[in-house]
Amino acid sequence: MNLFPRWLNGLRILGGALALSGGVYVVALFAYGASPKTLNAGFAPEQPVPFSHALHAGELGLDCRYCHTTVEVAARAAIPPTETCMNCHTRIRTQSELLKPVFDSWATGEPVHWKRVHDLPDYVYFDHSAHVTRGVGCVTCHGRIDTLERVRQEQPLSMGWCLDCHRNPAPNLRPPEFATSMDWQPDGPAAEVGAQIMQQRKLKPSTDCSTCHR
């Protein structure tokens, strides 16, 4: 005796097909997300203003924190407002065509539409202050940005890359006061210097999922 009508057989087949296709989709999504092509190392978009870190951070020696004012106190490293640029450019290269978007922004109050280079997924939480104040140098993630005419993403910033550092942070640690120094070098082997910093500051980075996925 059949307790269920025959038309339910069609639903069973449809449900099986949907479950199978859903599984294929999840596998494909993770495979694509982990592909080197999607990790964006080397990504270097053209900006509305050709800002040279090689000039500003390198030749002129501006500290990262002059423009990225919140890097030590907040999760995000602030994009400098037009006012920061105009601290200098009310007197320097005031007629430059390359700086026209900055001057227009100053005149209209509309922000310069900079293109984000280091863009983590929305489901990832990253706190700049937690890293910088513990001695992770800017160069660890961003490379020698003081040599770049155009900013590019130096590291993959993948989950595996971050976990490798959390499991063994010592080689990437330095005294926090040198976090923004581009040319700082340890007095001895980096891993040994970092291990001393870990011990002194009682550092033990978490590898729990909830640390980054909140």
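The values are calculated or read from the model by the stated rules, or taken from the named source; none is laboratory data. Everything quoted here is computed from the prediction, not taken from an experiment. Note that each Cβ is placed from the backbone with ideal geometry, even for glycine, and that neighbours are counted across all protein chains shown.
For this structure, a couple of remarks:
- Once segment 132-151 is narrowed to residues that are part of a loop (DSSP other than H, G, I, E, B) and farther than 17 Å from Ala41 by Cα, the residue that is nearest to the chain's Cα centre (by Cα) is Gly137.
- Single residue of Phe126, Phe103 found to be of a type in the set (Phe, Trp, Tyr), in a helix (DSSP H, G or I) and at negative phi: Phe103
- Of the candidates Lys100, Lys115, the single residue that is of a type in the set (D, E, K, R) and over 30 Å from His213 (Cα atoms) is Lys100.
- Phe103 satisfies every condition listed in (1) among the aromatic types (Phe, Trp, Tyr); (2) outside the structural domain of Asn168 (by TED's automatic domain parsing); (3) at pLDDT below 95 except (3).
- Considering only residues in segment 155-207 that are of a type in the set (Asp, Glu) and farther than 21 Å from Gly61 by Cα, the one that is surrounded by the fewest Cβ atoms within 10 Å (Cβ to Cβ) turns out to be Asp187.
- Of the residues in segment 51-60, not one is within 17 Å of Asp183 (Cα to Cα), free of Cβ contacts under 8 Å to residues at least 24 places away in the same chain, touching a His at 6+ places or on another chain (Cβ under 6 Å) and in a loop (DSSP other than H, G, I, E, B).
- Qualifying residue in segment 106-115 (condition: surrounded by 12 or more Cβ atoms within 10 Å (Cβ to Cβ), touching an Asp or Glu at 6+ places or on another chain (Cβ under 6 Å) and farther than 13 Å from Pro48 by Cα): no
- Considering (1) surrounded by 13 or more Cβ atoms within 10 Å (Cβ to Cβ); (2) modelled with pLDDT under 95, the lone condition that Asp119 does not fulfil carries the number (1).
- Filtering Glu72, Glu97, Glu46 for residues that are touching a residue at least 60 places away in the same chain (Cβ under 8 Å), not in a helix (DSSP H, G or I) and not assigned by TED's automatic domain parsing to the domain that holds Thr180 leaves a single hit, Glu46.
- Cβ pairs under 9 Å, 6+ apart, first in segment 164-179 and in contact (Cβ under 8 Å) with a residue 12 or more places away in the chain, second of a type in the set (Lys, Arg) and assigned to a helix (DSSP H, G or I): Leu173/Arg201; Pro176/Arg201
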